[in-house]
Amino acid sequence: MLYRKEKEVNELLLKHLEKVDECLKTSLLTVENYLNSKIEDAKELAKKVDSIETDADFIRHEIIGKMYSGAYLPLLREDILHLLEQLDKIADGAESCCDFFLDQRPEIPDDLNPRFLGAMQASTSSFAFLKDAVISFFSEKDETENIREMLKKVGIIESGVDKQEWDITRDIFKTNLDYGHKVHLRHCIQRVVEISDRVEDTADQLEITIIKGGI
Amino acid sequence: MWKIISGIFLGWTLGSNDSANIFGTGVAANIIKYKTAIILISIFVILGATMEGEKCFATLDKLSNLTSKGSFFAALAAGTTMFILTYLALPCSTSQAIVGAILGAGIVLGTADFSILYKIILCWLLAPLAAAFISFMLYHIIGFFFERYITDLKKRSLFILLGLLFAGCFGAFALGSNNVANVTGTYVGSGLLTPFEGVLIGGLSIASGVLTYSKKVMTTVGKEITRMDEYSAFIAELSEAFTVEIFTHVGVPVSTSQAIVGGVVGVGFVKGVKTINKNTVFNIAIGWISTPLVSGIISYFLIKIFI
């Protein structure tokens, strides 16, 4: 029964990680359908995103309960819980992005449509590296260097997404759309890139946990 | 036998104050339950006292030949000093209080022998320095194996938990073996108690302090130490235990509070961070002078008045 609590926590953490991944993939499909004017499909997918996010939240609460029943040492416990909180914010970000599209129905000009989709794809793609890094962190092998490499990649992707956001924003304000429409599109792209910002914040938290866990 | 009451009182204050140096970190950080900690400390204090406690009797005995009444007042003076200085929030150590008290009594009775004092003072000075050195070395040695062979988070947590438990039990054993002479050494020297009775009563009185009145000090002092990470806390506690045990074999009772400060400083050297401020070092230096001096003066006047 050695490490029973820790093993249970690890299993739940991986389950939570899968839910966040599923949430991001579904939110990408949601935005893709919206941009292709398949609003009804997008609505269904957005409901699915909402439900996956709720599942992830339930798992997070289960993990918190298990952690405070004595899994891991207090300082590491705090860091893991902070990491979990950050992971949950990624799913929240994906959910809020889908809600923005379907509640506010932004009108994306045709020439900007593929670029919004490209930004959404890039913003959600950084999570794959974070996911691998988190799995490696909880594995039994010492993969510190590999994890650091993966976290660097998250940072590189996030910088690329920031560049895309900057370019799209500039081009939005170059159009002849009315000012209100421009601001609305600006808010929309901010929601899209917010996902990769949150992925990067989580990567930073993981890096801090690794450094603090070392001697 | 009523004369040993002051010794039991001294042992009680020792147990209630010094248990914080042993399991304070683990309890304050909720790694170890308070009840588990005090039970473990009590068991290992009694074991340490009965197995090795006699080693420090000779040193205190050489300071002065006290009568049973003299022993009573010396222990009373040391206990009162501890009580007053703790109340005034000034640093104090039982080891330093009892030495001052024995010499104060010895001066009045004309039996004080200062020849062994240099060895005792040297040990007091060396204890925190040795703890800092041991801590510095242990941090690197254990850390090397820890980083190399314990890579899994689960195993790391278990290792540190077991390490803290081991360091705590070892620290309690060292406290019993080193400090029991402070409690009943004067009675054994005066012939009121046999050495075995001395270590047993001394060990039990320290354990009574641990079991009845240690929670407040343990949680407050523990929180000061837990600002460090758990590995560093484990190393600091282990080095304190090693240091105190080494001085048991030298035959001189030392301060566990000063040893733990040394252990914390040693970890600070490794990490290149300042773990202790100037005030703490100043307080230790003040304690080296004020505790035996206050205790000596109280003992001097008690003996003058009542004997």
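The values are calculated or read from the model by the stated rules, or taken from the named source; none is laboratory data. Only a predicted model underlies this, so the values are computations on that prediction, with no experimental measurement involved. Please note: Cβ atoms are built from the backbone with ideal geometry, for glycine as well, and neighbour counts cover all protein chains shown.
B:Y213: among the hydroxyl-bearing types (S, T, Y) and touching a residue at least 40 places away in the same chain (Cβ under 8 Å), yes or no?
Values: among the hydroxyl-bearing types (S, T, Y): yes; touching a residue at least 40 places away in the same chain (Cβ under 8 Å): yes.
Answer is yes for this residue.
Specify which of the listed residues (B:T248, B:T226, B:T243, B:T220) is at pLDDT below 95, away from chain A (no Cβ under 14 Å) and either more than 23 Å from B:L122 (Cβ to Cβ) or surrounded by 23 or more Cβ atoms within 10 Å (Cβ to Cβ) (or both).
Values: B:T248 fails: at pLDDT below 95; B:T226 fails: away from chain A (no Cβ under 14 Å); B:T243 fails: at pLDDT below 95.
B:T220 is the lone residue from the list that is at pLDDT below 95, away from chain A (no Cβ under 14 Å) and either more than 23 Å from B:L122 (Cβ to Cβ) or surrounded by 23 or more Cβ atoms within 10 Å (Cβ to Cβ) (or both).
Pairs only if they're at least six apart or on different chains, beta carbon under 6 angstrom, first in region A:33-47 and touching a residue at least 24 places away in the same chain (Cβ under 8 Å), second in a helix (DSSP H, G or I) and surrounded by fewer than 16 Cβ atoms within 10 Å (Cβ to Cβ); list them, first residue then second. Partner pairs satisfying both residue conditions: A:L35/A:N113. Residue pairs whose Cβ atoms lie under 8 Å apart, sitting 6 or more positions apart in sequence or on different chains, and linking a residue in region B:79-94 that is over 13 Å from B:S16 (Cα atoms) to a partner that is part of a loop (DSSP other than H, G, I, E, B), are B:T81/B:C92; B:L85/B:P91; B:L85/B:C92. In region B:186-208, what residues are among the small types (G, A, S), buried (at least 24 other Cβ atoms within 10 Å of the Cβ) and either modelled with pLDDT of 95 or more or closer than 22 Å to B:V261 by Cα (or both)? Scanning region B:186-208 gives B:G198, B:G202, B:G203, B:S205, B:A207.
Checked against (1) farther than 30 Å from B:Y231 by Cα; (2) in contact (Cβ under 8 Å) with a residue 24 or more places away in the chain, A:T209 meets all criteria but (1). Of all residues in region A:137-188, count the ones that are in contact (Cβ under 8 Å) with a residue 40 or more places away in the chain and within 14 Å of chain B (Cβ to nearest Cβ). Total meeting the criteria: 4. A:G70 meets the conditions (1) within 30 Å of B:L162 (Cα to Cα); (2) away from chain B (no Cβ under 14 Å) in every case but one. The failed one is (2). Within region B:46-81, the residues that satisfy the criterion of being surrounded by fewer than 21 Cβ atoms within 10 Å (Cβ to Cβ) and either among the hydroxyl-bearing types (S, T, Y) or in contact with a strand residue (DSSP E or B) (Cβ under 9 Å, 6 or more places away or on another chain) (or both) are B:T50, B:T59, B:T67, B:S68.
All conditions in (1) surrounded by fewer than 18 Cβ atoms within 10 Å (Cβ to Cβ); (2) part of a helix (DSSP H, G or I); (3) modelled with pLDDT under 95 hold for A:L2, with the sole exception of (2). Checked against (1) loosely packed, with under 14 Cβ neighbours inside 10 Å; (2) free of Cβ contacts under 8 Å to residues at least 24 places away in the same chain; (3) within 14 Å of chain B (Cβ to nearest Cβ), A:I215 passes all but a single condition, namely (1). Of all residues in region A:2-37, those that are touching a Ser or Thr at 6+ places or on another chain (Cβ under 8 Å) and within 12 Å of chain B (Cβ to nearest Cβ) total 2.
Just checking, does region A:105-115 include any residue being basic (K, R), out of contact with any Gly (no Cβ under 8 Å at 6 or more places or on another chain), in a helix (DSSP H, G or I) and within 22 Å of A:V20 (Cα to Cα)? Break it down stepwise before answering.
Kept after step one, since they are basic (K, R), are these residues of region A:105-115: A:105, A:115.
If we keep only those that are out of contact with any Gly (no Cβ under 8 Å at 6 or more places or on another chain) as well, we get A:105, A:115.
Pick out the ones that are also in a helix (DSSP H, G or I) and you get A:115.
Right, trim to within 22 Å of A:V20 (Cα to Cα) and you get none.
No, because not a single residue in region A:105-115 is basic (K, R), out of contact with any Gly (no Cβ under 8 Å at 6 or more places or on another chain), in a helix (DSSP H, G or I) and within 22 Å of A:V20 (Cα to Cα).
Against the test of being within 14 Å of another protein chain (Cβ to nearest Cβ) and of a type in the set (G, A, S), the options B:G185, B:G171, B:G143, B:G198 yield a single qualifying residue, B:G143.
Of all residues in region B:3-29, those satisfying the criterion of being away from chain A (no Cβ under 14 Å), touching a Ser or Thr at 6+ places or on another chain (Cβ under 6 Å) and surrounded by fewer than 24 Cβ atoms within 10 Å (Cβ to Cβ) are B:K3, B:I8, B:W12, B:S16.
When region B:157-168 is filtered for residues that are within 14 Å of chain A (Cβ to nearest Cβ) and touching a Leu at 6+ places or on another chain (Cβ under 8 Å), the ones remaining, listed by number, are B:S157, B:L158, B:I160, B:L161, B:G163, B:L165. Kindly indicate whether B:S157 is touching a residue at least 12 places away in the same chain (Cβ under 8 Å), out of contact with any strand residue (DSSP E or B) (no Cβ under 9 Å at 6 or more places or on another chain) and in a helix (DSSP H, G or I). Here the answer is no, as B:S157 does not meet what is asked.
Please pick out the residue among B:I32, B:I84, B:I43, B:I121 that is under 19 Å from B:I305 (Cβ atoms), surrounded by fewer than 23 Cβ atoms within 10 Å (Cβ to Cβ) and of a type in the set (A, V, I, L, M, F, W, C). Show your work before the answer.
Working: B:I32 fails: under 19 Å from B:I305 (Cβ atoms); B:I43 fails: under 19 Å from B:I305 (Cβ atoms); B:I121 fails: under 19 Å from B:I305 (Cβ atoms).
After ruling out the rest, the residue left standing is B:I84.
Each residue in region A:70-91 was checked for being touching an Asp or Glu at 6+ places or on another chain (Cβ under 9 Å), over 18 Å from A:K7 (Cβ atoms) and in contact (Cβ under 8 Å) with a residue 60 or more places away in the chain, and 6 pass.
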